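This report refers to the structure that appears directly beneath it.
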Amino acid sequence: MPFPQRRLRRLRRTPALRRLVSETHLHVDDLVAPLFVREGIDEPQPISSLPGHCQHSRESLRAEVQQLRDLGIGAVLLFGIPEHKDAEGSEAWNPDGVVQVALAELREDHGDEIVLIADLCLDEYTDHGHCGVLDATGQPDNDATLDLYAQVAIAQARAGVDIAAPSGMMDGQVAAIRAALDETSFEQTAILAYSAKYATALYGPFRDAVDVTIVGGGDRRGYQQDVANAREAAEEIREDIAEGADMVMIKPALPYLDVIARARAEFDVPIAAYHVSGEYAMVHAAAQLGWLELEPVAFEHTLAIKRAGADLICTYFARLLAERLQ
Ligand code: PBG
């Protein structure tokens, strides 16, 4: 065969040819926009480590979601920052708590035209910054925390959430939440389990965004997954699906494309991936230094996550991508 080495370039010659053979397409329907709403503020507060994002007031959140919808985004993921934090994180299940109020308002604004997802965890609400209520050793008490997650799930469901997204990595959390929802007639409230959530160094900017400092400089390695492990992620996912998860999440995204690809091959539920705060902030920081271009990198990251097998992508780039996909 003469010149076989030239074969692969033929279909790359023009933009039209490249478009024809493109294997992966990013669509606005793939995007979930994470948003922060803070209790007791009148003006949105910028988050310096997450450029372009802020802690929203109730009003500015409503305006932001309207704009995202106008850009075609169909799903948002809400995080709340309460005025008062305590040892149990009780504002997380207060019917008048910040996320519950925001959910109800967004539901009023948009009816069923938008998918409302809420992070279901306690770390934004506890004064010690861990994802559950602590035992005598200073680590989250697994089963005591499950009871609290069940209460949060019910409060979010009453407020109108479509999908509760437990992110605390307690064992049995999906089963506990499913049972609580079913017992309170919220059989139709879905669960997106953050199944393979790693104890990464990439959550730093997020913790600024929700005003979380883990007590004593502690970390979450006692409950989030070890960065070294991929088979264990499959175990987590299998368990969550068996407990009733409707969708599963891998988080962060880019360092774990192998985990996403494996999950896509092994499991048939929708797979979500979370391009987290640190992944976003790194791109912005390098772009600010003039070391790389923001937009092409944002597209490359997101497309790679999709190519690996994610059906939906939670990303702080959602708005930028949606604007460019118009
Ligand atoms: C826990 C939670 C975290 C993130 C989402 N849910 C932080 C953590 O586990 O410390 C991180 C998201 C991001 O970094 O963008 N409620």
Sorted on mean Cβ neighbours within 10 Å (highest first), peptides 150-156, 190-196 come out as 190-196, 150-156
Counting only DSSP loop positions in the stretch 50-89, the GluC sites (Glu not before Pro) whose Cβ has at most 16 other Cβ atoms within 10 Å are 83
In the neighbourhood of residue 254 defined by beta carbon distances under 14 Å, the net charge of the other residues (Lys, Arg +1; Asp, Glu -1) is 0
Mean Cβ-within-10 Å packing, highest first, puts peptides 260-271, 208-219, 10-21, 112-123 in the order 112-123, 260-271, 208-219, 10-21
For the stretch 1-72, dividing by residue count, accessible area per residue (probe 1.4 Å) in Å² works out to 69 Å²
For the chain, the percent of accessible surface on carbon and sulfur atoms (probe 1.4 angstrom, ligands and nucleic acids excluded) is 50 percent
Magnitude of the Cβ-charge dipole (Lys and Arg +1, Asp and Glu -1) of the stretch 97-219 about the Cα centre, nearest 20 debye, reported as 180 debye
Relative contact order of the chain (C-alpha contacts under 8 Å, at least 6 apart) in percent is 18 percent
For the stretch 278-326, the Cα convex hull volume per residue in Å³ comes to 78 Å³
Where a ≥ b ≥ c are root eigenvalues of the Cα gyration tensor, a/c under 1.5 meaning rounded, otherwise prolate if a/b exceeds b/c and oblate otherwise, the stretch 193-326 counts as oblate
For the chain, shape from the Cα gyration tensor axes a ≥ b ≥ c, cut at a/c of 1.5 then a/b versus b/c, turns out prolate
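Could you compute the net charge surrounding residue 245? Neighbours are other residues with a C-beta less than 11 Å from the C-beta of residue 245; K and R count +1, D and E count -1. Please report the intermediate quantities before stating the final value.
Details: positive: 178, 238; negative: 236, 239, 240, 243, 246.
Net local charge, residue 245 excluded: -3.
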Using alpha carbon centers only, the stretch 156-179 is separated from the stretch 8-67 by a whole-angstrom value of 25 Å
A student applying the Cα gyration tensor rule (rounded when a/c is under 1.5; otherwise prolate if a/b is larger than b/c, oblate if not) would label the stretch 128-270 oblate
Taking a straight Cα-to-Cα line shorter than 28 Å from residue 85, and setting aside same-chain lysines fewer than 8 residues away, one finds 197, 251
If each K or R counts +1 and each D or E counts -1, the residues other than residue 150 whose Cβ falls under 12 Å of its Cβ total -3
Note to self: C-alpha centroids of the stretch 240-256 and the stretch 257-326 sit apart, in Å, by 16 Å
In order over the stretch 249-263: 3J(HN,Hα) from phi, Karplus 6.51/-1.76/1.60, θ = phi - 60°, whole Hz, x for each Gly or Pro, gives 10, 10, 7, x, 9, 5, x, 10, 4, 5, 5, 4, 5, 5, 4
For the chain, the dipole about the Cα centre with charges only on Cβ (Lys and Arg +1, Asp and Glu -1), to the nearest 20 debye, works out at 2540 debye
Percent relative contact order for the stretch 1-96, counting Cα pairs under 8 Å at least six residues apart, stands at 29 percent
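The values are calculated or read from the model by the stated rules, or taken from the named source; none is laboratory data. No experiment lies behind these values; they were computed from the predicted model shown. Every residue, glycine as well, gets a Cβ built from its backbone with ideal geometry; the counts of neighbours run over all protein chains shown. For accessibility, only protein heavy atoms count, side chains too; no ligands or nucleic acids. Shrake-Rupley method; radii C 1.70, N 1.55, O 1.52, S 1.80 Å.
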